[in-house]
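A quick write-up on the structure given underneath.
The values are calculated or read from the model by the stated rules, or taken from the named source; none is laboratory data. All figures in this text were calculated on a predicted structure; none of them were measured in a lab. Cβ placement follows ideal geometry from the backbone for every residue including glycine, while neighbour counts extend to all protein chains displayed.
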Amino acid sequence: MDQGPLHFGQLSWPGSDRQRKRWWERKVTSLLRKARLPIAVQRSFDHRLDMVSLEQVNNLYLLLTSVLVGKVPGAVVELGCHTGSTTTVLGQILQNHEQPPAMHVYDLFDGAWSTEESVLDRFRANHAAIGLALPHIHKGDVFSTVPSELPDQIAFAHVDLGVGGDHDLHYRLVTHALETVHARLSPHGVLVLMDYHVPGLTVDGNDSNPGVRKACDAFFLNKRERVITLYGGPCSHGFVRKK
Ligand SMILES: C[S@@+](CC[C@H](N)C(=O)[O-])C[C@H]1O[C@@H](n2cnc3c(N)ncnc32)[C@H](O)[C@@H]1O
């Protein structure tokens, strides 16, 4: 159902309030400016608590909207959704669209990496808290669920499988995601890569999962597309638009 334009400020996701500037941060920044010290005071992004930055949410909004407005055929998929920070952002954008495509999410939903006792319960609760319908949930290892449970045609994909630690495993996970998703991505479809970081090219960012770029460099070597780095503020981001 088309509910009129969706503004960036209307989007919310778990912990999004933490990233809004507090009144005292604005006040101190303003006082410093008056003292001719152009320094902004703001709490730094907490990579342990927050899964997505404001800048990355803006990127997701613009990229998913471009696919919807362009009527690119296919589903929306997310590989790596944890408790649903980015899933709820994508879900709100879809919910606001007339005739939204189906959304499918893939995750282990186990507590090994998370601080949550039940990741899936929290995922469901985070959707309920903002009145958002659940996407199609595919619980399990993406080496098993993908591509067998992937939709045949994909318009938009978000790959966010990094949990730090084992860089080689993460490289293999992202390579698997690229090989399976890219083959089903419609022309003009978009693939967004969390943590895509190119030292010297990514502005700010955080190279927390270097396996993403390693996997992309190898995969796109013989492809027509190239990954484009985006500004993600304190987090690194990249995307590809299928030719
Ligand atoms: C950084 S988190 C995703 C964050 C999420 N996009 C959000 O905004 O909350 C990475 C996720 O990848 C998942 N993951 C890691 N390895 C996986 C695998 N082999 N199969 C499925 N999911 C996996 C983890 O369970 C974790 O939830």
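Among the numbered criteria (1) under 11 Å from the mean Cα position of the chain (by Cα); (2) in contact (Cβ under 8 Å) with a residue 60 or more places away in the chain; (3) closer than 17 Å to residue 134 by Cβ, which one does residue 64 miss?
Among (1) under 11 Å from the mean Cα position of the chain (by Cα); (2) in contact (Cβ under 8 Å) with a residue 60 or more places away in the chain; (3) closer than 17 Å to residue 134 by Cβ, residue 64 violates only (3).
Please enumerate the residues belonging to the range 177-195 that are in contact with a helix residue (DSSP H, G or I) (Cβ under 8 Å, 6 or more places away or on another chain) and surrounded by fewer than 20 Cβ atoms within 10 Å (Cβ to Cβ).
Once the filter is applied, which keeps residues that are in contact with a helix residue (DSSP H, G or I) (Cβ under 8 Å, 6 or more places away or on another chain) and surrounded by fewer than 20 Cβ atoms within 10 Å (Cβ to Cβ), the range 177-195 yields 179, 182, 188.
Out of everything in the range 206-224 that is small (Gly, Ala, Ser) and surrounded by fewer than 23 Cβ atoms within 10 Å (Cβ to Cβ), what residue ends up being farthest from residue 143 (Cα to Cα)?
We begin by selecting, within the range 206-224, every residue small (Gly, Ala, Ser); these are 208, 211, 215, 218.
Right, trim to surrounded by fewer than 23 Cβ atoms within 10 Å (Cβ to Cβ) and you get 208, 211, 218.
On the way: 208: 22, 211: 16, 218: 19 Å.
It comes out as 208.
Take residue 192 and tell me if it is modelled with pLDDT under 95, within 16 Å of the chain's Cα centre (by Cα) and of a type in the set (A, V, I, L, M, F, W, C). Walk me through how you get there before you give the answer.
Working: modelled with pLDDT under 95: no; within 16 Å of the chain's Cα centre (by Cα): yes; of a type in the set (A, V, I, L, M, F, W, C): yes.
Answer is no for this residue.
Picking from 57, 69, 52, 77, which residue would you name as being of a type in the set (A, V, I, L, M, F, W, C) and more than 13 Å from the ligand (Cβ to nearest atom)? Give the derivation first.
Values: 57 fails: more than 13 Å from the ligand (Cβ to nearest atom); 52 fails: more than 13 Å from the ligand (Cβ to nearest atom); 77 fails: more than 13 Å from the ligand (Cβ to nearest atom).
Every option except 69 fails the conditions.
Going by the structure shown, is residue 123 part of a loop (DSSP other than H, G, I, E, B), touching a helix residue (DSSP H, G or I) at 6+ places or on another chain (Cβ under 8 Å) and over 25 Å from residue 228 (Cα atoms)?
Considered against the rule, which asks whether it is part of a loop (DSSP other than H, G, I, E, B), touching a helix residue (DSSP H, G or I) at 6+ places or on another chain (Cβ under 8 Å) and over 25 Å from residue 228 (Cα atoms), residue 123 comes out as no.
Tell me the helices (runs of 4 or more DSSP H) entirely within the range 1-117 that contain at least 3 residues that are in contact with a strand residue (DSSP E or B) (Cβ under 9 Å, 6 or more places away or on another chain) and either modelled with pLDDT of 95 or more or surrounded by 14 or more Cβ atoms within 10 Å (Cβ to Cβ) (or both).
Filter on the range 1-117 gives 54-69, 85-95.
Can you tell me how many residues in the range 200-243 are in a strand (DSSP E or B) and either in contact with an Asp or Glu (Cβ under 9 Å, 6 or more places away or on another chain) or of a type in the set (Gly, Ala, Ser) (or both)? Write out each step before concluding.
Within the range 200-243, the subset in a strand (DSSP E or B) is 228-230, 237-241.
Those still in the list that are either in contact with an Asp or Glu (Cβ under 9 Å, 6 or more places away or on another chain) or of a type in the set (Gly, Ala, Ser) (or both) too: 230, 237-238, 240-241.
Summing the residues that are in a strand (DSSP E or B) and either in contact with an Asp or Glu (Cβ under 9 Å, 6 or more places away or on another chain) or of a type in the set (Gly, Ala, Ser) (or both) in the range 200-243 gives 5.
For the range 129-171, how many residues meet the condition of being crowded, with 18+ Cβ neighbours inside 10 Å and among the aromatic types (Phe, Trp, Tyr)?
Qualifying residue count for the region: 2.
Please work out which residue is surrounded by the most Cβ atoms within 10 Å (Cβ to Cβ), limiting yourself to the range 118-128 and to residues that are more than 20 Å from residue 157 (Cα to Cα) and of a type in the set (A, V, I, L, M, F, W, C). If you could, list the steps in order and put the result at the bottom.
Restricting attention to the range 118-128, the residues satisfying the condition of being more than 20 Å from residue 157 (Cα to Cα) are 118-122, 124-126, 128.
Subsequent filtering for residues that are of a type in the set (A, V, I, L, M, F, W, C) retains 119-120, 125, 128.
On the way: 119: 22, 120: 17, 125: 13, 128: 11.
Looking at the filtered set, the residue picked out is 119.
Among 127, 167, which is the only one that is at pLDDT 95 or above and either more than 9 Å from the ligand (Cβ to nearest atom) or not acidic (Asp, Glu) (or both)?
Going through 127, 167 in turn, just one is at pLDDT 95 or above and either more than 9 Å from the ligand (Cβ to nearest atom) or not acidic (Asp, Glu) (or both): 127.
Being part of a strand (DSSP E or B) and touching a Phe, Trp or Tyr at 6+ places or on another chain (Cβ under 6 Å) is the filter here, so list the residues in the range 126-175 that pass it.
Listed by number, the residues that qualify are 138, 139.
Checking the conditions here, which among 174, 203, 227, 198 is at pLDDT 95 or above, under 23 Å from residue 63 (Cα atoms) and buried (at least 24 other Cβ atoms within 10 Å of the Cβ)? Let's see the steps before the verdict.
Details: 203 fails: buried (at least 24 other Cβ atoms within 10 Å of the Cβ); 227 fails: buried (at least 24 other Cβ atoms within 10 Å of the Cβ); 198 fails: buried (at least 24 other Cβ atoms within 10 Å of the Cβ).
Matching residue, one of 174, 203, 227, 198: 174.
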